[in-house]
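Here is the structure we will look at, set down as C-alpha cells.
The values are calculated or read from the model by the stated rules, or taken from the named source; none is laboratory data. Just so we're clear, the structure is a prediction, and the values are computed from it rather than from any experiment. Because the Cβ atoms are built from the backbone with ideal geometry, glycine has one as well, and the counts that use them run over all protein chains shown.
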C-alpha cells in the first residue's frame, strides 16, 4: 500500500507542476483575442491612450507571457508591453536567434493581407529561455498590433 501512495503522490505532483507551467503560458486563441481587444481599445480610446496602455507592463495588455507590440508600417516600435527600451526604435531588420528577419515578414504580410501569423524564435519574458513563438497580428490605421504565444 505504501508503494501505491508514493505512486499517487508522484503522479499528483507531476500533474500539479504541469498545470503551473501551462498556467504561465498563453495560447494561440488568447494571443489572437488580446490583439482583437487592443484594436477595439484603439477604436474606443484613440491612438495616444492605446499606445500608453499597451506600453504599461502592469496593464491589461500584458498577461503572463502574452503582451502586445505595436509597429508602424516601416518597423518602428510604437508601443511594447514588456520592453519600453524598444519604443521609438526601428526594428525592421531585427533577426531572431536563427537569423530570420521576422519583423520584415510581419510588415510584408500586413501590407498584403492586413493580418496573419509569423513564426520565429524569441526569449520568453517569463522563463527567459529562447523558445519558438508564433505571433498573430492585425494592421489597423497604419499600425500593426501583434501578440504571440510560445510553443513548448
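Taking the conditions exactly as written (out of contact with any strand residue (DSSP E or B) (no Cβ under 9 Å at 6 or more places or on another chain), exposed (fewer than 14 other Cβ atoms within 10 Å of the Cβ) and modelled with pLDDT of 95 or more), does residue 52 satisfy them or not? So residue 52 fails the test. Could you please let me know if residue 28 is at pLDDT below 95 and over 17 Å from residue 103 (Cβ atoms)? For residue 28, the condition - at pLDDT below 95 and over 17 Å from residue 103 (Cβ atoms) - is not met.
The criterion of being at pLDDT 95 or above and either in a helix (DSSP H, G or I) or more than 20 Å from residue 32 (Cα to Cα) (or both) does not hold for residue 138.
Within region 100-109, does at least one residue satisfy the condition of being in contact with a strand residue (DSSP E or B) (Cβ under 7 Å, 6 or more places away or on another chain), touching a residue at least 40 places away in the same chain (Cβ under 8 Å) and not in a loop (DSSP other than H, G, I, E, B)? Yes: region 100-109 contains one or more residues that are in contact with a strand residue (DSSP E or B) (Cβ under 7 Å, 6 or more places away or on another chain), touching a residue at least 40 places away in the same chain (Cβ under 8 Å) and not in a loop (DSSP other than H, G, I, E, B).
If you take the residues in region 52-70 that are assigned to a helix (DSSP H, G or I) and under 26 Å from residue 128 (Cβ atoms), which one is nearest to the chain's Cα centre (by Cα)? Among those that are assigned to a helix (DSSP H, G or I) and under 26 Å from residue 128 (Cβ atoms), it is 54.
Scan region 116-135 for residues that are within 21 Å of residue 36 (Cα to Cα), surrounded by 16 or more Cβ atoms within 10 Å (Cβ to Cβ) and within 11 Å of the chain's Cα centre (by Cα) and the total you get is 2.
Filtered by the rule that a residue be over 28 Å from residue 112 (Cβ atoms) and either surrounded by fewer than 16 Cβ atoms within 10 Å (Cβ to Cβ) or at pLDDT 95 or above (or both), region 56-78 gives 56, 57, 58, 59, 60, 62, 63, 64. Take the conditions out of contact with any strand residue (DSSP E or B) (no Cβ under 6 Å at 6 or more places or on another chain) and touching a residue at least 24 places away in the same chain (Cβ under 8 Å) and apply them to residue 57. Does it pass? Here the answer is yes, as residue 57 does meet what is asked. Residues that are farther than 23 Å from residue 37 by Cβ, in contact with a strand residue (DSSP E or B) (Cβ under 8 Å, 6 or more places away or on another chain) and buried (at least 16 other Cβ atoms within 10 Å of the Cβ) are absent from region 143-150 altogether. Residue count for region 71-83 satisfying the condition of being within 16 Å of residue 102 (Cβ to Cβ), in a loop (DSSP other than H, G, I, E, B) and out of contact with any helix residue (DSSP H, G or I) (no Cβ under 7 Å at 6 or more places or on another chain): 2.
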